[in-house]
Amino acid sequence: MKVIIIYGSPRHTKSASYHVGYKFGEGLKRAGAEVEEIMLCKQKINHCQGCFTCWTKTPGVCIHKDDMVENLAKFREANLAVFATPLYIYHVPGLMKDFLDRSLPLVEPYLIERNGITSHPRREPSNLQKIFLISVAGFPELSHFDALVLAFKKTFKSLEYVGEILIGGAEMMSKDDYQNSYKKLYDLVEQAGFEVGKNGFVSMETQKMIADETHFTDKQIQNLREVATKYWDALRPKDYSNIKIESTEELPLKITDDGMASYFAGMAAQYNSKTIPELSSVIQFNLEGNLYYLIINDNECNAYKGAHPSPTITIIAPTDIWMKMSTGEIDGAKAFMDGLYKIEGDMSLLLKMDQIFSQK
Ligand SMILES: Cc1cc2nc3c(=O)[nH]c(=O)nc-3n(C[C@H](O)[C@H](O)[C@H](O)COP(=O)(O)O)c2cc1C
């Protein structure tokens, strides 16, 4: 059996849906399945343009040449697709919705009747026969998943809906410190994956054990509401009067902008994604009160004006010192030792600056 697991959380591997999906995949592997994974938050997936080119000019082929090309090939090859997604506003996050929208090339434009309602025929060849849904949510009641389950059943109505694992009150499942307390549940999820790989379905017994393990009594729901309220409160500042909210500009700066903005846009343009692949960092500059920051993510770098709320590193320097360092006129390490500028955060990033911004 070939399985594709599609992860939809923007939180990457630090997400509850990832942990559950991963365990399910481990069980499938134990049963001998070949498991491939797609981490949507690490991919480049454009929105569907609604042009229907994949139905007309180039049947089965989308206008976008991005990661969906390979995703759809894998999707077609798999026998079972497992969707592991958080619940966002009763449905999936935009990342997952883009994946679903962009699966349009997998069907033909024609309107046929299936089980009494209008449908599109599948574009062959495709091995995909079954889907399995894994979802997690902040709220504890399972009824929050109703629309999501219905949406998946309708979306893939020509396929077998093998089953689902729905876990409410799951916010803490994304936290590293809480992983041990979910061991029993993870073992059951692994067992469910094993059973799907071996028998094609999750046994009633395992389903019941998962349901028991994830069920919230009325008292627990009441408790969760109170604990969650305290949790969110604890993350908020006690006194708002001292909080200075710096404005940040929404759009990346351009080289054609004036003065320092142009300098930082130029710096971003020198970003070389090949030197440290998958780097994800925010470099904040404070040059005599002039605040700029660079965001490096998804092998891209963009510059912005203002203060980032959680920079990886902050460089606090007199403007002329920084400029002399960036042209190589003075040595950065020596200038730091001489106390000519200050660093807060991840110092190691400073030592990699030459490598990171090495695009000519
Ligand atoms: C934009 C957004 C929308 C959300 N909508 C819902 C919702 O409708 N119902 C709910 O119970 N939880 C909702 N949540 C909470 C998430 O489902 C919850 O944090 C989940 O554990 C995240 O899973 P992950 O760690 O896999 O990303 C929402 C969270 C975000 C960020």
For residues that are part of a loop (DSSP other than H, G, I, E, B), hydroxyl-bearing (Ser, Thr, Tyr) and more than 16 Å from the ligand (Cβ to nearest atom), tally how many sit in region 63-120.
2
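Look through region 2-45, keep the residues that are assigned to a helix (DSSP H, G or I) and aromatic (Phe, Trp, Tyr), and return whichever of them is farthest from the ligand (Cβ to nearest atom). Lay out the reasoning, then the answer.
Initially, region 2-45 is screened for residues assigned to a helix (DSSP H, G or I), giving 16-30, 40-42.
From the residues that got through so far, the ones that are aromatic (Phe, Trp, Tyr) too are 18, 22, 24.
On the way: Tyr18: 6, Tyr22: 11, Phe24: 13 Å.
Looking at residues that are assigned to a helix (DSSP H, G or I) and aromatic (Phe, Trp, Tyr), I get Phe24.
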Set Ile131, Ile112: member being under 19 Å from Asn71 (Cβ atoms) and either without any contact (Cβ under 8 Å) to a residue 12 or more places away in the chain or open to solvent by less than 50 Å² (accessible area, probe 1.4 Å) (or both):
Ile131
Go through region 134-184 and report how many residues are over 30 Å from Ile117 (Cβ atoms), near the ligand (Cβ under 9 Å from one of its atoms) and more than 21 Å from the chain's Cα centre (by Cα).
1
Suppose we filter region 44-60 for residues that are surrounded by 12 or more Cβ atoms within 10 Å (Cβ to Cβ) and either hydroxyl-bearing (Ser, Thr, Tyr) or touching a Lys or Arg at 6+ places or on another chain (Cβ under 6 Å) (or both); how many remain?
3
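The rows are residues; the columns are (1) among the small types (Gly, Ala, Ser); (2) open to solvent by less than 40 Å² (accessible area, probe 1.4 Å).
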| site | (1), (2) |
| --- | --- |
| Gln284 | no, yes |
| Glu288 | no, no |
| Asn297 | no, no |
| Thr319 | no, yes |
| Gly345 | yes, no |
| Leu351 | no, no |
| Gln355 | no, no |
| Ser358 | yes, yes |
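Of everything in region 264-281 that's assigned to a loop (DSSP other than H, G, I, E, B) and of a type in the set (Gly, Ala, Ser), which residue is most open to solvent (accessible area, probe 1.4 Å)?
Across region 264-281, the extreme among qualifying residues is Ser280.
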For the subset of region 152-208 comprising residues that are over 26 Å from Tyr90 (Cβ atoms) and not in a helix (DSSP H, G or I), which member is most open to solvent (accessible area, probe 1.4 Å)?
Phe201
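The values are calculated or read from the model by the stated rules, or taken from the named source; none is laboratory data. It should be emphasised that the depicted structure is a prediction, and the values quoted were computed from it without experimental measurement. No Cβ is skipped: glycine too gets one built from the backbone with ideal geometry, and neighbour counts run over all protein chains shown. When the accessible area is computed, the model is the full protein with side chains, heavy atoms only, and any ligands, DNA or RNA have been set aside. Shrake-Rupley method; radii C 1.70, N 1.55, O 1.52, S 1.80 Å.
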